[in-house]
Amino acid sequence: MNMAELLAIAYLLGSIPTGLILARIKGIDIRKSGSGNIGFTNVMRVAGKDRTGKLIGLLTLLGDMGKGALAVRISLHQGSEWAPALAGLAVFLGHIFSFWLRGRGGKGVATGLGISLGINPALGALVCLPWVLIFIATRTSSLAALGSFALMPIIAMLWQHLLPAPPMILPPHTIPLFFLMTLLVFFRHKDNISRLRKGEESKI
């Protein structure tokens, strides 16, 4: 496929509102419940604490991560050195500005983590680790997201400096992609940041 086709596929893949689709299993319109966000955190809060609700939350997380990883893995066969970074950006923008939701969407956290896993699974695991540790320590999803994405470009730069040989070398333009995703995640979390400063952010 050419670059235009790749980016269109990545954007439409990112636009799939996983949480919205899965929450309907319990008859919930996630856009009208809780914070109104279609991401994992709101799905977990709204879908309930029973087994089905927890499963819906977990599948939302895996689905949003999976579409990010899939778009990047597809791009590796395109042949351009720009393909992984551009496909990653397209699927990320698709998630936060969904075509199917008329420009609305999630905050990009799970999809961004999935993109890092698609670029390099070992690097992705290191990027996901701060999210897991901060979430376990605080039970605050937004703080875990902000902490992990603040560290994402730093982890990538250290990775590239310390492991500069195949198969560990990162695709070109990975670090600028990570910086851009970090900026967008912080922008999408501006209300959460305000609540965190006031000590009013809710926990899971």
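Run the numbers for Ala8 and Phe187: contour at 0.36 nm per residue of separation, minus the present Cα-Cα distance, in nm.
The Ala8-Phe187 span can extend by a further 62.0 nm.
When Leu183, Leu89 are ordered from fewest to most other Cβ atoms inside 10 Å of their Cβ, what list results? List each step's numbers first, then the result.
Values: Leu183 12, Leu89 22.
The order, fewest Cβ neighbours first, is Leu183, Leu89.
Could you line up Met65, Met168, Met152 from fewest to most neighbouring Cβ atoms inside 10 Å?
Numbers: Met65 24, Met168 13, Met152 28.
Result, fewest neighbours first: Met168, Met65, Met152.
Just list whichever of Lys26/Lys190; Lys67/Lys190; Lys54/Lys107; Lys67/Lys198 have alpha carbons separated by over 27 Å in the model shown.
Details: Lys26/Lys190 30 Å; Lys67/Lys190 25 Å; Lys54/Lys107 20 Å; Lys67/Lys198 34 Å.
In this structure, Lys26/Lys190; Lys67/Lys198 lie more than 27 Å apart at Cα.
What does the extension gain come out to for Arg24 and Ala165, with contour length at 0.36 nm per residue minus their alpha carbon separation?
Numbers: separation 141, 0.36 × 141 = 50.76 nm, distance 4.61 nm.
Roughly 46.1 nm would be gained on extension.
Among Ile21, Ile30, which comes first, second and so on when ranked by fewest other beta-carbon atoms within 10 Å?
Ile21, Ile30
Under a Cβ-only charge scheme (Lys and Arg +1, Asp and Glu -1), can you give me the dipole magnitude of segment 3-198 about the Cα centre, in debye to the nearest 20? Kindly include the intermediate steps, with their values, before the conclusion.
Details: 19 positive and 6 negative charges, 208 e Å.
The dipole magnitude comes to about 1000 debye.
Along the charge dipole of the chain, Cβ charges K/R +1 and D/E -1, which of Thr174, Leu146, Ala83 sits furthest on the positive end?
Farthest along the dipole direction, towards plus: Leu146.
How high is the relative contact order of the chain? Use alpha-carbon pairs under 8 Å, at least six apart in sequence, and give a whole percent.
In percent, rounded to a whole number, it is 21.
Could you give the angle, 0 to 90 degrees to the nearest 10, between helix 141-162's Cα long axis and the longest principal axis of the Cα atoms of the chain?
On a 0 to 90 degree scale, this one is about 10.
Rule-based calculations on the coordinates, nothing more; no lab input. Here the structure is a predicted model, which means the values were calculated and not measured. Every residue, glycine among them, receives a Cβ derived from its backbone with ideal geometry; neighbour counts consider all protein chains shown.
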